[in-house]
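The values are calculated or read from the model by the stated rules, or taken from the named source; none is laboratory data. Predicted model, so just to flag it, every value in this text is computed and none were measured. With ideal geometry, Cβ positions are generated from the backbone for all residues, glycine too; neighbour counts draw on all protein chains shown.
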Amino acid sequence: MLRLIPRVENSTAMVLLSPLLALTLTALSAYLIFIFILVDIPVSSVFFTLFVEPLIDSYYFSELLVKAAPLMIIGLGLSIGFRAGIWNIGAEGQYVMGGIAGSAVAVYFFDVEALWLLPLMAIAGILGGMFYAGIAAFLRIKYQVNEILVTLMLSYVAVFFLSSMLQGPLQDPSGFNFPESRMFHDSALMPIIWQGTRVHIGLIIAILLSFIAWFGIKKHMFGMQIKISGSAPRAAKFAGFDDNKTVWYSLLISGGLAGLAGLFEAAGPAGQLTPGLPAFYGFTAIIVAFLARLHPIGVLFSALLIALSYVGGENVQIDYDLPKSITQIFQGMLLFYFLACDILIKYKVVFFKTKN
Amino acid sequence: MNEGLFINIIIGISIASVPLIFAAIGELVVERSGVLNLGVEGMMIVGALLGFVVQFHTGNPFLAVLAAMLGGMVIASIFAFLTQLLLTNQVATGLALTLFGLGLSAFVGRAYTEVVIQRITSIHIPLLSDIPLVGPLLFSFNPLVYLSLFMVYLVWWFLFKTKQGLILRAIGDNHDAAHAIGHNVVRYRVMAILFGGAMAGIGGAFLSLVQVPIWGEGMTAGRGWIALGLVVFASWQPFRIIFGAILFGGISILQLHAQGFDITISAQYLSMLPYLATIVILVSLRIRLKNKTNRTVPNCLGRIFHSTT
């Protein structure tokens, strides 16, 4: 039999080892699943395309960075909220709303060339995401309605809203009736930081934001407040922390960041608002946050790892005609193993014989 | 409104609400035992795929439904193992389950996207089904419709009329106390989670076997999440699940028939209705319960249990 004995102190070795163990187990399981499902394709070459090629080929590596940026920004916001025990599961909706709000600014000033345009779009994106997450915060505080369900339901609504906007006010008047906005003006596009690729300044902003958040959580009282609210709600109450404030801040921060990521995506790789904006980043960022153990700097690394699976998944789709859903299987399994392996930090696993 | 349209609307509502009834009644038992499984959507989609695949290869609807049940249970067992034995966070594990289920079903189901199967047909009882109005309304639904109602009754009977049901509810309300008097908390919870998986599996299969006889990636379209909302709406009371599900079914049918009534709202706004309705209904429930604490919510919902003895 197998038993879990609580450790007196968390194991430092396991804090570092458990992610590696989880990765190894995920790779092994993926290998076994592929052997089982892919009869006529050599599994090792699929593996190479999935996990190695994006790292050694400069084009694929740049695409990896393009995809990592929104995951970092959204994952960062979610990790702050999750620490406080506020489960914003609908970042996808806030991402879409931010994208719509920011793009509306770009479309309104479509022939203006100005330095203030991009910052204004970013502010609109943040406000769009904040507004959308704010609905959930309001309903939770006023009516005790669960924020998991509200944010999720609203993310479905956001996708339909995007579609109605693209067939209505934001549609390109000279676009042959395609459900797309007009192309953004050059000064409304994210500056490219790696010439010849699509890597834009959003990546640097994401890294900066992570460090700001890390510093803020460490030094600011608010960091303490969300940590205590999440791990010991009663203690938070006795300490006089305002519960409603925690809900508002958690949802507004995560919503605002998701909105910013949405605008970056529209003004970055796409250059216009399209129905393809919702790319599941909002949901995947949940995995990013957990893989980072809700740590702001950890988010940078887990976002890169998840972005690797995205790029690898697309390559496998092109090279071997396999569905992109391989990515989701991989991500789901990774989170399973990661959660399971983290048990080793708090508990010792002991085998013992059952006496009969 | 003529009789034919009326009957069509009633049948349409029933077909839209049955997947929700199955998924929600399963999750209700899970939550009554004190576990929050956010993987309903993932278990449903796996059920939808397996039911479809088995129906396509065997043409036997009984086997198809059975396969969907088993598929839901297998996926649920991952959740049970992780949360009950390895004590992982239930919210995160449930989400991982949904992502995994969506991905796995899309991957395995890619060979079945362009085939059509024989829909499971409604029953026809001679004489009874032929009675005007009453016949079609009472005696000629799909067999799974009757099964869903029976499952609701069965769950009510189990939870409130049997000793095991009482123990399960006790575990959901106070797992430490239940453990102290000798009940096996983990075993009850694992059973409840597996039952939840089986029900979500059938609910999913109803979509691919009855509602539309085709398989499509992500065809559950958030119904698993709506089912989670339904459990809250029902205040964890089995029979209220039926009312809630009919309400949602009605809204989604309204969305289909609105075009017929010359209502000029764009299609996108109509499609938002079921999701917005979920929020509105949850809010209105809280307004109704104002100043009263909701006593039916299981106290240990989502909390991790680890026995030190």
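At-a-glance table
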read-out	value
Of all residues in region A:317-332 being surrounded by fewer than 24 Cβ atoms within 10 Å (Cβ to Cβ) and in contact (Cβ under 8 Å) with a residue 60 or more places away in the chain, the one that is nearest to the other protein chains (Cβ to nearest Cβ)	A:Leu322
Filter result for B:Gly59 (under 24 Å from B:Leu159 (Cβ atoms), away from chain A (no Cβ under 14 Å) and among the small types (Gly, Ala, Ser))	no
Residues of region B:277-290 that turn out to be more than 8 Å from every other protein chain (Cβ to nearest Cβ), modelled with pLDDT of 80 or more and surrounded by 16 or more Cβ atoms within 10 Å (Cβ to Cβ), as a count	2
Lone qualifier among A:Gly102, A:Gly85 - being within 28 Å of A:Gly216 (Cα to Cα) and surrounded by fewer than 24 Cβ atoms within 10 Å (Cβ to Cβ)	A:Gly85
Residues satisfying the stated conditions in region A:226-274, i.e. within 28 Å of A:Gly196 (Cβ to Cβ) and in a loop (DSSP other than H, G, I, E, B)	A:Gly271, A:Gln272, A:Leu273, A:Thr274
Test: residue in region B:253-262 that is surrounded by 24 or more Cβ atoms within 10 Å (Cβ to Cβ) and under 30 Å from B:Phe62 (Cβ atoms)	no
Any pair with Cβ under 7 angstrom, 6 or more apart, that starts in region B:42-67 at a residue that is within 19 Å of B:Gly224 (Cα to Cα) and ends at one that is of a type in the set (S, T, N, Q) and part of a helix (DSSP H, G or I)	B:Gly42/B:Thr98; B:Ile45/B:Ser105; B:Val46/B:Ser105; B:Ala48/B:Ser208; B:Leu49/B:Ser105; B:Gly51/B:Ser208; B:Phe52/B:Ser208
Residues satisfying the stated conditions in region B:71-100, i.e. more than 20 Å from A:Ile329 (Cα to Cα) and hydrophobic (A, V, I, L, M, F, W, C)	B:Leu85, B:Leu86, B:Leu87
Residue within region A:289-305 that is crowded, with 24+ Cβ neighbours inside 10 Å, within 14 Å of chain B (Cβ to nearest Cβ), assigned to a helix (DSSP H, G or I) and without any contact (Cβ under 8 Å) to a residue 60 or more places away in the chain present	no
Region A:333-348 - residue that is surrounded by fewer than 24 Cβ atoms within 10 Å (Cβ to Cβ) and more than 8 Å from chain B (Cβ to nearest Cβ) and, of those, farthest from B:Leu95 (Cα to Cα)	A:Lys348
Subset of region A:197-225 [part of a loop (DSSP other than H, G, I, E, B) and in the same structural domain as A:Val66 (by TED's automatic domain parsing)]	A:Thr197, A:Arg198, A:Val199, A:Ile201
Criterion violated by B:Pro274 - all others in (1) more than 9 Å from chain A (Cβ to nearest Cβ); (2) within 30 Å of B:Ile75 (Cα to Cα); (3) at pLDDT 80 or above satisfied	(1)
Sole exception among (1) of a type outside the set (Lys, Arg); (2) part of a helix (DSSP H, G or I); (3) within 14 Å of another protein chain (Cβ to nearest Cβ); (4) exposed (fewer than 15 other Cβ atoms within 10 Å of the Cβ) for A:Val8, by number	(2)
A:Val43 being surrounded by 15 or more Cβ atoms within 10 Å (Cβ to Cβ), without any contact (Cβ under 8 Å) to a residue 40 or more places away in the chain and touching a helix residue (DSSP H, G or I) at 6+ places or on another chain (Cβ under 8 Å)	yes
Candidates A:Ile212, A:Ile148, A:Ile205, A:Ile192 - the one that is within 30 Å of A:Ala84 (Cα to Cα), surrounded by fewer than 17 Cβ atoms within 10 Å (Cβ to Cβ) and modelled with pLDDT of 85 or more	A:Ile212
Residues within region B:189-239 that are small (Gly, Ala, Ser), more than 11 Å from the chain's Cα centre (by Cα) and under 24 Å from B:Leu63 (Cβ atoms), tallied	2
Meets criteria (small (Gly, Ala, Ser), touching a Ser or Thr at 6+ places or on another chain (Cβ under 6 Å) and surrounded by 22 or more Cβ atoms within 10 Å (Cβ to Cβ)) for B:Ala23	no
Residue match in region A:114-132 (condition: within 14 Å of chain B (Cβ to nearest Cβ) and buried (at least 23 other Cβ atoms within 10 Å of the Cβ))	yes
Some residue of region B:81-97 being modelled with pLDDT of 90 or more and either surrounded by fewer than 17 Cβ atoms within 10 Å (Cβ to Cβ) or part of a loop (DSSP other than H, G, I, E, B) (or both)	yes
Qualifying positions in region B:24-56 - within 14 Å of chain A (Cβ to nearest Cβ) and part of a helix (DSSP H, G or I)	B:Ala24, B:Glu27, B:Glu31, B:Val40, B:Glu41, B:Gly42, B:Met43, B:Ile45, B:Val46, B:Leu49, B:Val53
Answer from B:Ala221, B:Ala227 - the residue that is surrounded by fewer than 19 Cβ atoms within 10 Å (Cβ to Cβ), among the hydrophobic types (A, V, I, L, M, F, W, C), within 14 Å of chain A (Cβ to nearest Cβ) and closer than 24 Å to B:Ala106 by Cβ	B:Ala221
Sole exception among (1) closer than 15 Å to B:Gly302 by Cβ; (2) within 19 Å of the chain's Cα centre (by Cα); (3) at the interface with chain A (Cβ under 8 Å from one of its Cβ atoms) for B:Leu102, by number	(1)
Some residue of region A:51-70 being under 22 Å from B:Leu85 (Cα atoms), at pLDDT 80 or above and assigned to a helix (DSSP H, G or I)	no
Residue in region A:24-41 that is more than 12 Å from chain B (Cβ to nearest Cβ) and either within 16 Å of the chain's Cα centre (by Cα) or under 27 Å from A:Phe211 (Cβ atoms) (or both) present	no
